[in-house]
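Trainee: I have a structure I would like to understand better, so I am pasting it below and will then ask my questions one at a time.
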Amino acid sequence: MTDVVPPSIVFLAETRDWDATLPAFASTANAVALELIANVDEASRQLTACLHDLGPGPHHLVALSRSAVSAARVALAMPDRVASCTLVNGWALAPGGGRAPLSDDAPALGRARVEIYRSLIQCGMPCPTLLVWSIDDPIGDRDAAAVLNEMFVQRQRETEIRYFARAGTDVFRERPAAFNRMVSGFTAHAASRSRLLS
Amino acid sequence: MSHDTVSLAAFGEAWLDADGARTRYFANEIGGTPIVLMHGGTIGEASAAANAEDWAGVFRGLHELGQAVVAFDKLGQGYTDNPREHGDWSLRGQVNHAIAFLRTLDRGPYDLVGHSRGGFVALQVTLQAPDLVRSLVMVDSNTTAPGYGRNDFLNAHHVDAPGTPAAIRAQHVFESFHDAHITEDWVAHKQRIIQSEKHRAAGAMMRGQGLFETVFQPMLRADRDALFEHLEIAAFPRPLFLIWGYNDPPAPLAIGYRLYDLFVKHAPLTQMHILNEAGHYSFREQTDAFVRVVDEFIQGVIAGD
């Protein structure tokens, strides 16, 4: 009998750790945190390799800030491996990259955005997608979020958007219980959908 | 989940006297704090007949999750009696009736879920009788949001005779993203209400005698102004959650954002959730997602966070 590898929830970020979040999911999922390299192209390759290592899945991606770019990109490229995407304050995905400071990989980030926008418009996200925005995030801009939302909703019926107030980029630290409950419910829904489709 | 989107008959129709108005309601047999579903719509409307059973899919979904659920016909709508007093042909009358209903039911404090005009009623119940309310979910409520809804503009597109199946269907198509939830059974169910003597009498009062323009609208304008002034300076007294259809024709998302901004000024824990491919009846077009996020919110209320 072959070992069955359970789907994972992969929490993605560049510099912040998810140590406080993982225990909340430990009893119901294989919760994994991956610290991504601070270059969007290398990070996308890193995430791709990680998903291969985790097994066929499909897995759930929960991506914070800039890592939302890699998550969306990999989900679009590997639809069979990704069950859902939760993109948390992914301002780097928004037109112009929100108000975040200029990064060393800005040209690559710009190219990745264009590539993702094209895919969103042509074929859409292949999995249920939850966009999470903190409207008081200092590097955020709700108008940018609105434009980005508009692209995500075009071709994926199961796109949902959640707004939090009085929380910054790290909404998962500032409002941990509400955040964890939201992710738990959404990933459970996406998992049942994946089972129905398989 | 698959839902009967037309009838709540399986849960048994019940009646109680709420401040003199014979009131129809449905309740499942699960104990605990009930989630009370409050439908939208206007008394005596010509080609719609909003009523408790509009919530059939949501009711069933929450029931399957083990939640206690109640849905009732508001004053003058569905099969609940029409108002008796002149001033009660208004949302103010429906608020008083809702408070009387909830007190008579005696199972509070409740978690209220109000859609559209029902959201306004639920919100006023929360402000006027906070002892009855544990939390509030507002759904696509252009009646409550600052700015203007698009109902009158959409209704101007009607070409069918009022109250006919074609007009009832068109009314809901105008307000929806897609028409899959507008089944023939649902339309027939609404037509039975529209053809009832009680509904005809309500239509005669609201449109024939003009109470919609002389009572309902002026009171609503005054109550909205007072509400907006209140929310500018005071916190909302109970946990609050907004749900909106991304594609809501009569209640565009832009006014939903304005309402959210108003709430979070003094109630910063308020969250807003938007469902894609959902119009004014977001809870019918995306029932599973709606049920999931309402349940998630209630779990948060119970946990106190």
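The values are calculated or read from the model by the stated rules, or taken from the named source; none is laboratory data. The structure displayed is predicted, hence computed values, not measured ones. Cβ coordinates were reconstructed from backbone atoms using ideal geometry, including for glycine residues, and neighbour counts include every protein chain displayed.
Trainee: Can you report the number of residues in region A:75-117 which are in contact with a strand residue (DSSP E or B) (Cβ under 6 Å, 6 or more places away or on another chain) and part of a loop (DSSP other than H, G, I, E, B)?
Mentor: Residues in region A:75-117 being in contact with a strand residue (DSSP E or B) (Cβ under 6 Å, 6 or more places away or on another chain) and part of a loop (DSSP other than H, G, I, E, B): 1 in total.
Trainee: Sticking with this structure for a sec: Could you say whether any residue in region B:191-210 is among the polar types (S, T, N, Q), touching a Ser or Thr at 6+ places or on another chain (Cβ under 9 Å) and more than 30 Å from A:Val171 (Cβ to Cβ)?
Mentor: Within region B:191-210, the first condition is being among the polar types (S, T, N, Q), and the residues that meet it are B:191, B:195-196, B:209.
Now restrict to residues that are touching a Ser or Thr at 6+ places or on another chain (Cβ under 9 Å): B:191.
Of the ones still in play, those that are also more than 30 Å from A:Val171 (Cβ to Cβ) are B:191.
Yes, there is a match, as at least one residue in region B:191-210 is among the polar types (S, T, N, Q), touching a Ser or Thr at 6+ places or on another chain (Cβ under 9 Å) and more than 30 Å from A:Val171 (Cβ to Cβ).
Trainee: Okay, next question. If you check B:His273 against the conditions, is it buried (at least 22 other Cβ atoms within 10 Å of the Cβ) and more than 9 Å from every other protein chain (Cβ to nearest Cβ)? Don't jump to the end; show me each part of the working.
Mentor: Working: buried (at least 22 other Cβ atoms within 10 Å of the Cβ): yes; more than 9 Å from every other protein chain (Cβ to nearest Cβ): no.
No.
Trainee: I would also like to ask the following. Criterion first (part of a strand (DSSP E or B) and under 22 Å from B:Asn51 (Cβ atoms)) does B:Ile274 satisfy it?
Mentor: Working: part of a strand (DSSP E or B): yes; under 22 Å from B:Asn51 (Cβ atoms): no.
Answer is no for this residue.
Trainee: Go through B:Met206, B:Met219 for me and flag whichever is out of contact with any Leu (no Cβ under 9 Å at 6 or more places or on another chain), hydrophobic (A, V, I, L, M, F, W, C) and assigned to a helix (DSSP H, G or I).
Mentor: Working: B:Met219 fails: out of contact with any Leu (no Cβ under 9 Å at 6 or more places or on another chain).
Selected residue: B:Met206, the only one of B:Met206, B:Met219 that is out of contact with any Leu (no Cβ under 9 Å at 6 or more places or on another chain), hydrophobic (A, V, I, L, M, F, W, C) and assigned to a helix (DSSP H, G or I).
Trainee: Right, another one. Counting only residues that are in a helix (DSSP H, G or I) and among the basic types (Lys, Arg), which one in region A:135-190 is nearest to the other protein chains (Cβ to nearest Cβ)? Talk me through it step by step, then tell me what you get.
Mentor: The first filter runs over region A:135-190 and keeps only residues in a helix (DSSP H, G or I), leaving A:142-153, A:171-174, A:176-190.
Those still in the list that are among the basic types (Lys, Arg) too: A:142, A:173, A:181.
Values: A:Arg142: 8, A:Arg173: 14, A:Arg181: 5 Å.
Within region A:135-190, the match that is nearest to the other protein chains (Cβ to nearest Cβ) is A:Arg181.
Trainee: Shifting gears a bit: Which of the following residues is more than 11 Å from every other protein chain (Cβ to nearest Cβ), closer than 24 Å to B:Arg134 by Cα and not basic (Lys, Arg): B:Ala226, B:Ala303, B:Ala222, B:Ala251? Before the answer, list the steps.
Mentor: Numbers: B:Ala303 fails: more than 11 Å from every other protein chain (Cβ to nearest Cβ); B:Ala222 fails: closer than 24 Å to B:Arg134 by Cα; B:Ala251 fails: closer than 24 Å to B:Arg134 by Cα.
Sole residue among the options that is more than 11 Å from every other protein chain (Cβ to nearest Cβ), closer than 24 Å to B:Arg134 by Cα and not basic (Lys, Arg): B:Ala226.
Listed here are the residues, each with its yes/no results for (1) touching a residue at least 12 places away in the same chain (Cβ under 8 Å); (2) closer than 29 Å to B:Leu227 by Cα.
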{"site": "B:Pro130", "(1), (2)": "yes, yes"}
{"site": "B:Leu136", "(1), (2)": "yes, yes"}
{"site": "B:Pro146", "(1), (2)": "yes, yes"}
{"site": "B:Pro165", "(1), (2)": "yes, no"}
{"site": "B:Ile182", "(1), (2)": "yes, no"}
{"site": "B:Arg200", "(1), (2)": "no, no"}
{"site": "B:Met205", "(1), (2)": "yes, yes"}
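Trainee: What is the residue count in region B:156-168 for residues that are over 19 Å from the mean Cα position of the chain (by Cα) and crowded, with 17+ Cβ neighbours inside 10 Å?
Mentor: Within region B:156-168, the subset over 19 Å from the mean Cα position of the chain (by Cα) is B:156-167.
Subset that is crowded, with 17+ Cβ neighbours inside 10 Å: B:163, B:167.
The total comes to 2.
Trainee: Return yes or no: is A:Leu120 over 14 Å from the mean Cα position of the chain (by Cα), assigned to a helix (DSSP H, G or I) and either among the β-branched types (Val, Ile, Thr) or crowded, with 16+ Cβ neighbours inside 10 Å (or both)?
Mentor: Numbers: over 14 Å from the mean Cα position of the chain (by Cα): yes; assigned to a helix (DSSP H, G or I): yes; either among the β-branched types (Val, Ile, Thr) or crowded, with 16+ Cβ neighbours inside 10 Å (or both): yes.
Yes; evaluated as a whole, the condition is true for this residue.
Trainee: Restricting the search to region A:55-88, which residues are modelled with pLDDT of 95 or more and among the polar types (S, T, N, Q)?
Mentor: A:Ser67, A:Ser70, A:Ser84, A:Thr86
Trainee: Something else: Considering only residues that are under 19 Å from the mean Cα position of the chain (by Cα) and either over 18 Å from B:Leu91 (Cα atoms) or among the hydroxyl-bearing types (Ser, Thr, Tyr) (or both), which ones fall in region B:192-225?
Mentor: Matches in region B:192-225: B:Ile193, B:Ile194.
Trainee: Hey, among the residues in region A:130-167 that are basic (Lys, Arg) and more than 14 Å from the chain's Cα centre (by Cα), which one's farthest from B:Asn247 (Cα to Cα)? Spell out the reasoning first.
Mentor: Taking region A:130-167 as the starting set, the residues that turn out to be basic (Lys, Arg) are A:142, A:155, A:157, A:162, A:166.
Then keep just the ones that are more than 14 Å from the chain's Cα centre (by Cα); that gives A:142, A:155, A:157, A:166.
Values: A:Arg142: 18, A:Arg155: 14, A:Arg157: 11, A:Arg166: 26 Å.
Going through the qualifying residues, I end up with A:Arg166.
Trainee: In addition: What's the total number of residues in region B:103-125 that are in a helix (DSSP H, G or I) and buried (at least 24 other Cβ atoms within 10 Å of the Cβ)?
Mentor: Looking only at that region, the number is 8.
Trainee: With B:Phe241, B:Phe228, B:Phe236 as the choices, which residue is surrounded by 12 or more Cβ atoms within 10 Å (Cβ to Cβ) and under 18 Å from the mean Cα position of the chain (by Cα)? Spell out how you get there, then give the answer.
Mentor: Details: B:Phe228 fails: under 18 Å from the mean Cα position of the chain (by Cα); B:Phe236 fails: under 18 Å from the mean Cα position of the chain (by Cα).
So the residue among B:Phe241, B:Phe228, B:Phe236 that is surrounded by 12 or more Cβ atoms within 10 Å (Cβ to Cβ) and under 18 Å from the mean Cα position of the chain (by Cα) is B:Phe241.
Trainee: Could you list all residues from region B:254-270 that are of a type in the set (Gly, Ala, Ser) and either part of a strand (DSSP E or B) or within 8 Å of chain A (Cβ to nearest Cβ) (or both)?
Mentor: Just the residues of region B:254-270 that are of a type in the set (Gly, Ala, Ser), to begin with: B:254, B:256, B:267.
Within region B:254-270, no residue meets the criteria.
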